[in-house]
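Q: Just passing along the structure, written as structure tokens.
Values in this text are rule-based calculations from the coordinates and carry no lab data. Keep in mind the model is a prediction, meaning the values are calculated, not measured. Using ideal geometry, Cβ is built from the backbone for each residue, glycine included, and neighbour counts are taken over all protein chains shown.
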Amino acid sequence: MPRLQALLAAGGVAATSAGLALGVASVHIAPADAHRVTIGGARLTYPAVNAAAGVLLVLAVLGATVVTVGARTAWRQVRATRALLRAMSIVGPVGGDRVVTVIDDPTPRAFCAGYVRPRVYISTGALALLSEPELAAVLAHERHHAASRDPLRLACGRVCSHALFFLPALRRLHDRCRSLAELAADAEAVRAADGARGPLASALLTFGSHGGEEVVGISPERVDSLLGEPTEWSLPVGLVAGALGSVVGLAGLAWRATATASMHVSLGLPVVSSQPCVLMLALLPLTACAAAIVGRRALARADAAR
């Protein structure tokens, strides 16, 4: 499942990036070939674009959107993680273990955070409520997340599923990969307890009964797995096939359009060079409006301060 998600994400990023690069490469700066028009005495130019170049421009816009959404989502994730880590009150390591850190929080919590060097965090509330076997099972679960670098893998999957918004299969696959990461960590905790499922199950019950709405990740599928019942999940074949077809179609469309795409534009601004007075007259009302808005906000802040 993670490999299928990575394959779709890589294909989508490659196709949209190719569209963006080819769209930029198809632009030729040639003022003599650009269309000209005169409006109100001002001479303007607009691009001369054929149908293939128009297709590439659409693909370029899609690629730029993917890059922008992906960068924004990644930045928000990093910022949220930093805010979480800064807000925690660190108590110290657990028994000299440098990977596990105790935080001062009465709510029973245990989680793995960090992208480059993931660490395990457990609250003082969890230490007070969990027995020694339960604590060992919880720490084994979270250590597996850290060893597998699940925070980084899941963060990359989340960024790709948001950036490639036109591939809904990625969101379904990302949700499944997140569930599989929890199930794999549960299996590791059971192995660390010599096959005993009770300690981890009772720890989950403790988190669920004392953690309130802040407890996440305890899904019915995890409970069924700990009870020895097989988990059921079906691959969204239609969505995956549609996503693969979309990626191949985008790549093929960009390749075919490149052969005949032609777009000629001018970087010159005739309204600036030949009609400076018209430009100044257009900018004066905009400048006055902007100054009025800024001044009004400044007066409102001054009145609020009084």
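Q: Run the numbers for ALA184 and ASP224: contour at 0.36 nm per residue of separation, minus the present Cα-Cα distance, in nm.
A: On the way: separation 40, 0.36 × 40 = 14.40 nm, distance 1.37 nm.
Going from the current span to full extension adds 13.0 nm.
Q: Can you give me the distance in nm between label points at THR81 and GLU232, each placed 7 Å from the Cα along the Cα-to-Cβ direction?
A: Spacing of the two 7 Å Cα→Cβ label points: 3.6 nm.
Q: So how much slack lies between ARG72 and TRP255, counting 0.36 nm per residue of separation and subtracting their Cα-Cα distance, in nm?
A: Working: separation 183, 0.36 × 183 = 65.88 nm, distance 2.85 nm.
Extra length available between ARG72 and TRP255 comes to 63.0 nm.
Q: Now for a different question. Starting from the Cα of ILE90, step 7 Å along the direction of its Cβ; do the same at ASP104; then give the gap between the two resulting points in nm.
A: About 1.4 nm, to one decimal.
Q: Mind giving me the FRET efficiency for ILE293 and ALA128? R0 is 45 Å, r the Cβ-Cβ distance, nearest 0.05 is fine.
A: Values: r = 55 Å, r/R0 = 1.22.
Efficiency at R0 = 45 Å is approximately 0.25.
Q: For the pair SER202/VAL116, report the inter-label distance in nm, with labels modelled 7 Å from Cα in the Cβ direction.
A: Computed distance between label sites SER202 and VAL116 equals 4.1 nm.
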